[in-house]
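No lab work stands behind these numbers, since they all come straight from the coordinates. Note that the structure is predicted; figures quoted are calculated from it, not measured. Positions of Cβ are generated from backbone atoms using ideal geometry, with glycine treated the same way; all protein chains shown enter the neighbour counts.
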Amino acid sequence: MISSATRNRFLILAIILLGLSLQQCANQKDVLEASNISDTYQRGLDYFEKDNYLKAEEVFTFIIYNDPGGAYADDAQFQLAETYFEREEYLLAISEYDRLIRRMKNSSFVEDAFWRKAEAYCELSPDFRLERDMTDKALRYLYDFTDIYPESRYSEEAQLRIVEMREKLARKILESAKLYDTLREFESAIFYYDSIISEYGDTALYASARLGKAGDMAALGRWSEARELLNSVALDGKNDLTQKELHKLRVLGEQVVAETASSKN
């Protein structure tokens, strides 16, 4: 009869052997993947294309740490950043794009990483009513990108993004001007309209700012200045106005014409 102590020793030995066997299998699996980076990378791409971003992240991270100087290191680094971008984890994506830009300067992915980093900041840019810090950062990186890569295939999209971010900043100023209009503090409103007119002439809100300023000029009895502004909007800017603004343009225009005509008589 086997004693209790002997049975316990056999049980402990069996557990140890099982653990060693599992560890050996795991090590063999790692060696297999590390020695077939091309296949491993393709597996990561397959996960990515199937929107299985968590599994793709595991594979690309494995390549980065197991073959940091290999042929697929920069590919994996870029794709790792892309998995975060697609999961809308933009700050993590920016960190990984930055790592590629800083550490793999000769990679063919540097331009793409720079562009995606700028896009990530655009995605982090909040509603115009909120703080503008991320919008300012997005603009800074967009301008940097267009300076560094003036002939990039992303140039047209970069210009559209720049206008988008600038319109967001202009919208914030426009709402301040409208608030002062509501309070009938027309000089203060004009100050904000002038900020848009001088700094954001490339945006669709340029016409709205000129129309708003014309309304304030009329309210202050400065009819000739109001008429000049309305003429400029009518000649160049009507297409950027809303239906409500177009109605205001017509009504205000009739009022200004009547006032300026009467002043000549």
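Among Leu252, Leu220, Leu230, the ranking by other beta carbons within 10 Å of each residue's beta carbon, starting with the fewest, stands as Leu220, Leu252, Leu230. Positive end of the dipole of the chain (Cβ unit charges, origin at the Cα centre): among Gln255, Ala189, Tyr141, the Cα lying farthest that way belongs to Ala189.
Note on Glu157, Glu82, Glu96: ascending count of other Cβ atoms within 10 Å places them as Glu157, Glu82, Glu96, the fewest first. Calculate, for Asp98 and Leu179, the FRET efficiency according to 1/(1 + (r/R0)^6) with r their C-beta to C-beta distance and R0 45 Å; round to the nearest 0.05. The pair Asp98/Leu179 has a calculated efficiency of 0.70. Run the numbers on the chain and let me know its relative contact order in percent, using alpha-carbon pairs under 8 Å that are six or more apart. It rounds to 8 percent for the chain.
Taken about its Cα centre, the chain carries a charge dipole of roughly 620 debye when the Cβ of each Lys and Arg holds +1 and the Cβ of each Asp and Glu holds -1. Cβ-to-Cβ counts within 10 Å put Ser208, Ser232 in ascending order as Ser232, Ser208, the fewest first.
Here the stretch 107-202 is treated with +1 on each Lys and Arg Cβ and -1 on each Asp and Glu Cβ, and its dipole about the Cα centre works out to around 240 debye. Entry note, the stretch 134-234: relative contact order of 20 percent, from Cα contacts under 8 Å with a spacing of 6+ residues.
Counting only alpha carbon atoms, the long axis of helix 4-34 and the longest principal axis of the chain meet at about 50°. I'm spelling it out carefully: the read-out is percent of Cα pairs over 30 Å apart, the candidates are [x] 22; [y] 28; [z] 55, and one was derived from this structure. Which label? Answer by label: [z]. Which entries in Lys168/Lys238; Lys213/Lys244; Lys55/Lys137; Lys117/Lys213 show an alpha-carbon gap greater than 27 Å? Long pairs (Cα-Cα over 27 Å): Lys55/Lys137; Lys117/Lys213. Gain on full extension, evaluated as 0.36 nm per residue between Lys50 and Val163 minus their Cα-Cα distance, stands at 37.3 nm. Only the Cβ atoms of Lys and Arg (+1) and of Asp and Glu (-1) were treated as charged; on that basis the dipole of the stretch 33-114 about its Cα centre amounts to roughly 300 debye. Across the options Asn36, Gln159, Ser125, the greatest Cα extent toward the positive end of the charge dipole of the chain (unit charges at beta carbon of Lys, Arg, Asp, Glu) belongs to Ser125.
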